[in-house]
1. When only Cα pairs under 8 Å and 6 or more residues apart are kept, what is the percent relative contact order across the chain?
2. If segment 239-301 were replaced by its equivalent ellipsoid, with semi-axes equal to the square roots of 5 times the Cα gyration tensor eigenvalues, what would those be, largest first, whole Å?
3. Out of Asn250, Leu208, Met32, whose Cα points farthest toward the positive end of the dipole of the chain (charges: +1 Lys, Arg; -1 Asp, Glu; placed on Cβ)?
4. I need the per residue convex hull volume for segment 58-119, using only the alpha carbons, in cubic angstrom as a whole number.
5. If you average over every viewing direction, what projected area does the convex hull of the Cα atoms of segment 130-208 give, in nm²?
6. What order do you get for 309-320, 141-152 when each peptide is scored by the mean count of other beta carbon atoms within 10 Å, highest first?
7. What is the Cα radius of gyration of segment 94-234 over 2.2 N^0.38 Å, N being its residue count?
8. Sorting check: for 133-140, 57-64, 37-44, which peptide has the highest mean count of neighbouring beta carbons within 10 Å, and how do the rest follow?
Amino acid sequence: MATEEEILLFHDQDYVRLVKRNSEKGGGLLDMGDTPAFKGCYEATSLVVGASLQACDLIMGDQYTHAFNPSGGLHHAHSDRASGFCIFNDPAISIAYLKRKYDLKRLVYLDIDAHHGDGVMYGFYDDPAVLDIDFHENGRYIFPGTGYPDETGSGPAKGLKVNIPLLPGSGDEAFLEGFESIVPPLVRKHHPEAILVQCGADGHDGDLLAHLRLTTHTYQEVVGTMHELAHELCHGRLLLLGGGGYTLANVPRVWTLAFASLAGKVPDDSIPKQWATIFEKSTGEAAPKKLFDIPTEGESDKSLEEVESVLMQLDREIGWKPSGV
Ligand SMILES: [Zn+2]
Ligand SMILES: [Zn+2]
């Protein structure tokens, strides 16, 4: 479990006290929206943060290069308030922890959750140590309503916060067009000492809350590319975090394949019978039949044109294109 001192690396004292008080009492909400203050929520969310910080220690040590905390990725919490089911922001605390404990000067945070990772982005908006790249469904259509291409960071961090909003209905082709164009050159230019990836599964086709149409193919590509970049640039140091994901049959498939990609394995397409039985018992939903999806078909021209226009706007804002391209 993370200590209070560790949580205070990112969060304000008054807010931490508020969470503690509500956690002892139990009931009600922590924000104006949808973050429940259930009994023991302080301990529960501190456990998530503790797992992410332990993962930080693992990747910074000699024995491991990569770590995955599927319970992490609670990217909406701000320093002074809860938001979007997130109480303490474990990615933000992890970034502050890596800077403090290991004196890291250059970090990459990639966020592919369907929702904008606002707590992390605005938490480090003027911090030049953090290159934050965030792909999400356009905030005109979904919570939290932020994350536009003209939000590029402030002061010494100008140009280091990068938002790629996608139209509802965007699938693998539109996503990967944006990802493959802009992510490798920006990450190489920043030359990080460690990479964090928030791998929310709610951009998956058929998610109950969001409206993107990504398949397992995109998650494999994204994690595979970040894995290669980590080996190329920072001794393999890569911390993978979970995030959103509201269609229960999809989330474990997405994260299994993300993790397999990090481990350099390609699993077969079958779903273990024993797992399917436990899944159906505990969720009351039908278990998935296969591990892999067929990549999105029928990408709309509109989704592709939107990504191209965002890439052009970003080039005007931050000049991301390598010279000669
Ligand atoms: Zn590796
Ligand atoms: Zn989300």
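1. Taking the mean separation of contacting Cα pairs over the length of the chain, I get 17 percent.
2. 21, 17, 14
3. Positive-most Cα among the choices belongs to Met32.
4. Residue-normalised Cα hull volume stands at 102 Å³.
5. 5.8
6. Descending mean neighbour count gives 141-152, 309-320.
7. Compactness ratio reported: 1.00.
8. 133-140, 37-44, 57-64
The values are calculated or read from the model by the stated rules, or taken from the named source; none is laboratory data. All values derive from a computational prediction rather than experimental measurement. Neighbour counts are summed over all protein chains in view; Cβ atoms, including those assigned to glycine, are modelled from backbone coordinates with ideal geometry. Accessible surface is based on the protein model in full, side chains and every heavy atom, while ligands, DNA and RNA are left aside. Shrake-Rupley method; radii C 1.70, N 1.55, O 1.52, S 1.80 Å.
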